[in-house]
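The values are calculated or read from the model by the stated rules, or taken from the named source; none is laboratory data. A quick note: this is a predicted structure, and the numbers were derived from the prediction, not measured. Cβ sites come from the backbone with ideal geometry, for glycine too, and all protein chains shown count toward neighbours.
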């Protein structure tokens, strides 16, 4: 089973992906971002409609091929994202983060191909260990 961690910059995708992989003894193929991020960030980085349509087609072609893929959309509070970005010495802009967060939430709700396996996960107020335990339970629901 493949698990793709998605979400805005600074939300904790990489940290959760590593902890999840370790906790599950690398039982799953875990990826930090894939097609959804390409589509969401296309406009932000000046890529045109042709690029977006190409990525959308790749996502639609990929998804039926790999029905055992789970997209985990990670979200967190502005404070957590700001702390994370500041620790990496990256700029925190409330407006940009809001746009990114809403883009991912809307993509989670409306942009994924029908039948996609997806989990929305809000990590604020939880330790990494708690997050991983909750995510394992959610992922195991798809294995049944």
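What are the pairs, 6+ residues apart or on separate chains, where a residue within region 120-143 that is touching a residue at least 60 places away in the same chain (Cβ under 8 Å) and at positive phi has its Cβ under 8 Å from a residue that is in a loop (DSSP other than H, G, I, E, B) and exposed (fewer than 15 other Cβ atoms within 10 Å of the Cβ)? Cβ pairs passing all conditions: none. Looking only at region 16-49, count how many residues are assigned to a helix (DSSP H, G or I), at pLDDT below 85 and closer than 17 Å to residue 6 by Cα. Residues in region 16-49 being assigned to a helix (DSSP H, G or I), at pLDDT below 85 and closer than 17 Å to residue 6 by Cα: 8 in total. Only residues that are out of contact with any helix residue (DSSP H, G or I) (no Cβ under 9 Å at 6 or more places or on another chain) and at pLDDT 75 or above were counted in region 61-91, giving 8.
Scan region 87-130 for residues that are in a helix (DSSP H, G or I) and either in contact with a strand residue (DSSP E or B) (Cβ under 7 Å, 6 or more places away or on another chain) or closer than 24 Å to residue 42 by Cα (or both) and the total you get is 18. The sole residue among 23, 19 that is over 17 Å from the mean Cα position of the chain (by Cα), touching a residue at least 40 places away in the same chain (Cβ under 8 Å), under 26 Å from residue 127 (Cβ atoms) and surrounded by 15 or more Cβ atoms within 10 Å (Cβ to Cβ) is 23. Screening residue 71 against (1) more than 13 Å from residue 11 (Cβ to Cβ); (2) within 17 Å of the chain's Cα centre (by Cα); (3) surrounded by fewer than 18 Cβ atoms within 10 Å (Cβ to Cβ) leaves a single unmet condition, (3).
Taking (1) surrounded by 15 or more Cβ atoms within 10 Å (Cβ to Cβ); (2) part of a helix (DSSP H, G or I); (3) at pLDDT below 85 in turn, residue 58 satisfies each apart from (1).
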